[in-house]
1. Go through (1) in contact with a helix residue (DSSP H, G or I) (Cβ under 6 Å, 6 or more places away or on another chain); (2) closer than 25 Å to Gly39 by Cα; (3) touching a residue at least 40 places away in the same chain (Cβ under 8 Å); (4) surrounded by fewer than 24 Cβ atoms within 10 Å (Cβ to Cβ) and name the single condition Val530 misses.
2. Could you list all residues from segment 52-92 that are of a type outside the set (Val, Ile, Thr) and more than 17 Å from Pro134 (Cα to Cα)?
3. So which residues in segment 421-446 are hydrophobic (A, V, I, L, M, F, W, C) and surrounded by fewer than 19 Cβ atoms within 10 Å (Cβ to Cβ)?
4. Would you confirm, using the coordinates I've provided, whether Trp818 is over 22 Å from Glu465 (Cβ atoms) and crowded, with 19+ Cβ neighbours inside 10 Å?
5. Mind telling me which of the residues Leu282, Leu328, Leu291, Leu358 ends up being within 22 Å of the chain's Cα centre (by Cα), among the aliphatic types (A, V, I, L, M) and part of a helix (DSSP H, G or I)?
6. Return yes when Thr364 is more than 27 Å from the chain's Cα centre (by Cα) and either open to solvent by 30 Å² or more (accessible area, probe 1.4 Å) or touching a residue at least 12 places away in the same chain (Cβ under 8 Å) (or both) and no when it is not.
7. List pairs: first residue in segment 292-308 and open to solvent by 20 Å² or more (accessible area, probe 1.4 Å), second residue charged (D, E, K, R) anywhere in the structure, Cβ distance under 9 angstrom, at least six positions apart or on different chains.
Amino acid sequence: MVNDKIRSVNISFFALLSGSGILLAQIAWNRQLLLITGGSIDSTAIVLTAFMLGLGFGGRFFGRKAEQSANPLSVLRVTAAGAAIFSFIPLLISPLAAVIYPVLYSLGLQLPARLLIALLMIFPATFFAGGIVPSMARMVEGQGGVSRVSRLYGLNSLGSALGGFLAGFFLLEAIGIILTLVVGATLTTVSLLLIRSSELKVKTPLKEEKESGAKPAQFFLWMYFASGMLALSWEMVWSRQLTFVLGNSTYAFATMGMMVLLGIGIGSIVGRRIATSFKFPLVSFGIVQILLGIASVIPLSALGSFMSLSRKLTFISGWTGSVTGDVLTAMIYMLPSTVLMGITFPLMVKAAAREQKLGEDVGTLSMANCFGAALGPILASQVLFRFLGVTPSVLLLACLNASIGFFAFWKSRRLALSLLAAAGAVLSVVLVLSAYSPGSRPPAGMTLSYFQEGRTATVAVFGREWDNHRSLRINGVEEVPVDQASLEAFYLLGHLPWGYNSDAETAMAVAMGGGITCGALLTHPIDTLVCAEICPEVVLAAVHFAEQNRRPDLDSRFELVGDDGRNFLLGSDRKFDLIVCDATHPGSSESWLLYTEEYYSLVLSKLEADGVAAQWVPLHKLPVEEFSRILSTWSRVFPHAALHPAGGRHAILIGSAEPLHLDLAAMFSDRAASEQLNQTGFRENEPAFLLPLLSDHELIAAIESPLRSNTDDLAPCQFLIRKCKGDPQETIGENMSLILSMNIDEETSPVHTGQIIYWNTMLPQAALLFQSEEIETAMGRRWHSAALSTGAELLYNEGRFREALELADMAWEADPEWQRNLDLVIEINRAQSLAQEEF
């Protein structure tokens with residue numbers, strides 16, 4: 001009895017540790033593939049497909065091998081050892097893949113190239129990993145084998161959840177991708193030491209027992225195939241929906257993955273009791289599928305509550321409290337569905353597998369389920385999201401779950417229960433129709449101008465009528481507002497590169513956003529502007545920013561590429577005179593790789609001899625250490641560099657292989673360009689706001705900084721949320737102060753100092769600083785007016801119209817050329833009149 005317990009503990013620990021090790025390796029593989037095949041939804045889907053194909057083929061192959069072997073422990077050892085050894089293939093063949101990929105990419109074979117690279121890099125390891133669960137099933141087959149293998153499968157999934165937690169929250173940040181892979185392979189190897197031949201006595205069934213019963217029928221395989229397909233489709237849906245709740249950081253996606261595996265592990269362990277207690281496991285399987293559809297729809301109907309739930313569940317302050325709130329929220333959101341997913345494993349094994357040939361049959365069922373799971377990401381990204389959108393896809397998936405339930409009842413000859421399937425479908429319809437599409441609710445005082453649940457992202461444009469303000473949001477995150485500071489950044493990002501290289505003929509923009517920077521570039525006489533935009537819905541949304549962007553999409557010189565910028569530069573053999581990087585915040589899960597040393601080196605290699613690169617860097621929600629790291633990384637790659645502030649809230653980095661010289665006259669030489677710059681407060685005869693604050697001399701300190709550069713292997717910028725405490729605007733002043741402190745040769749302008757005070761919401765003090773210029777400038781007047789009008793708008797929102805009007809009048813007097821001031825005065829008068837009428 002004691003020996004039996006020891007053997008049970010050992011194989012249980014093996015299941016747990018091997019799950020952790022393989023998941024750590026998988027995360028490292030995904031990161032490595034992301035750097036080569038890109039971060040588009042197509043690349044993500046293909047990587048998942050390749051991973052599941054490997055598991056499926058491995059499950060079938062090793063399941064049969066284990067069944068035929070008199071020593072299945074040796075097969076189990078081979079699977080774990082193979083998974084550990086071959087997990088290093090992505091590192092070994094990455095250089096070769098980086099050579100093959102551009103060749104195929106240039107031939108227009110992007111999707112086949114991505115699939116080929118993914119299969120080359122991860123199929124061998126996943127093939128061996130797929131054999132672990134069937135091999136364990138062979139070792140516990142016989143009476144009670146279904147319960148035992150379900151427990152082991154559950155522990156393996158729980159180990160995977162633990163691995164995802166360790167990687168996403170600690171290891172990637174602390175030691176990087178390569179060492180995370182080493183830790184994963186080490187855990188898998190250590191797990192092998194826990195099981196020894198002397199301790200594991202596998203029962204060899206009698207010949208008549210082995211030959212009894214039939215293989216899993218085609219019906220069961222197709223049912224489990226469909227179950228796997230829907231499970232991965234739901235995961236794609238959650239990855240879109242939960243960004244509105246958790247955000248789009250690395251931590252958010254680590255939390256989602258952890259909840260999927262945690263639920264599957266719990267479900268499999270709990271489900272073994274259901275599978276062995278009920279007479280008709282296929283009926284139970286059908287009921288679980290119906291409940292899965294309903295459980296997955298319910299969070300959508302209550303999404304508004306989930307958006308505030310994380311804050312309510314934050315019991316302690318700081319990053320730890322925030323993460324705790326997010327994890328608990330994701331648990332409530334996802335765990336009911338993922339537990340039900342886990343329950344399907346023991347139910348299907350009980351319904352379809354033979355207890356005396358459990359290894360082979362579990363391998364066959366795993367193959368069917370994994371092949372379905374391989375199709376799921378393709379189905380969701382290429383079909384459902386493309387033609388239906390995310391919210392209608394939720395309804396269709398729930399109805400498909402109900403359909404699986406119906407067919408399970410039909411096969412079990414329990415047609416009376418088909419009413420449950422119909423009821424589940426009807427309830428799903430009611431829940432979806434009563435819900436609003438995530439991201440479609442406008443902020444206070446604004447209306448929805450554009451909304452599209454596209455294949456790659458959910459894009460919305462909100463507008464405010466009285467001043468024609470616009471805000472572009474992608475998956476709920478504001479990316480393109482048209483306030484004063486943002487317009488300064490967008491326009492400078494387009495006009496400064498031309499000022500540094502006015503002979504440029506070709507330009508490339510990484511990301512389109514609202515199209516404002518692209519429009520600024522096209523005001524100059526360049527021949528071609530290639531724009532790599534990962535989200536096609538953004539291009540349609542840019543129409544709503546025509547006043548600011550001059551519709552670049554209608555310009556014959558504009559060439560749109562539907563890909564992420566890094567992947568396009570890697571795959572293309574084209575070079576450019578100007579490359580402008582307008583990526584999203586470095587803290588987002590998809591943009592950190594656009595702030596690394598390797599990416600900057602790639603950009604430099606794609607510049608013509610006298611080419612110029614520009615990079616937008618936010619100062620908000622960016623700890624000063626990480627801003628310094630980005631500045632150091634840029635300055636170490638580009639032989640000549642410069643930094644320009646924009647609106648006190650943004651920075652524009654300039655880089656080139658040649659010495660930099662800014663030609664202000666060239667920036668203003670084209671009428672459309674001059675209009676954009678003048679309307680934003682820039683003047684050709686006021687160079688203080690156009691010339692760089694930091695150049696080669698000042699940036700020596702950044703180059704010599706002890707901070708490590710961001711690299712593809714270890715990029716701390718993607719984990720910056722851990723370091724952001726309190727109001728995300730607080731880092732603006734810290735970063736701007738750092739920039740000013742590095743500028744030791746020039747006197748600080750009151751405007752730059754005033755912007756620091758402004759973003760710290762000290763509006764009266766900021767207004768006084770803006771007004772204190774010894775020589776009055778257009779930019780000083782603009783920011784003096786901005787401080788007054790911001791105060792007026794705050795009072796207006798509180799219903800204090802008389803005081804708001806006084807400040808608005810002062811703002812108008814400070815800068816009568818700014819149309820927004822007049823619009824604000826008119827709006828306050830209108831609201832005041834309405835209030836008086838109602839009174």
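The values are calculated or read from the model by the stated rules, or taken from the named source; none is laboratory data. Computed from a prediction, not measured in an experiment: that's the story for all the values here. Note: ideal-geometry Cβ built from the backbone for every residue, glycine included; neighbour counts use all protein chains shown. Quick note on the areas: whole protein, heavy atoms, side chains included, nothing else; ligands and nucleic acids left out. Shrake-Rupley method; radii C 1.70, N 1.55, O 1.52, S 1.80 Å.
1. It fails just one condition, (1).
2. Selection gives Ala84, Phe86, Ser87, Phe88, Pro90, Leu91, Leu92.
3. Ala422, Ala423, Val426, Leu427, Val429, Val430, Leu433, Ala444, Met446 - these are the residues of segment 421-446 that are hydrophobic (A, V, I, L, M, F, W, C) and surrounded by fewer than 19 Cβ atoms within 10 Å (Cβ to Cβ).
4. Numbers: over 22 Å from Glu465 (Cβ atoms): no; crowded, with 19+ Cβ neighbours inside 10 Å: yes.
No, not satisfied.
5. One residue alone meets the criteria, Leu328.
6. Criteria met by Thr364.
7. Matching pairs, first to second residue: Gly304/Arg441.
Rundown of residues vs (1) outside any helix (DSSP H, G or I); (2) among the acidic types (Asp, Glu); (3) closer than 29 Å to Ser249 by Cβ, yes/no style:
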position	(1), (2), (3)
Gly142	yes, no, no
Leu152	no, no, no
Leu158	no, no, yes
Gly164	no, no, yes
Phe169	no, no, yes
Ile175	no, no, yes
Ile178	no, no, yes
Gly184	no, no, yes
Leu192	no, no, no
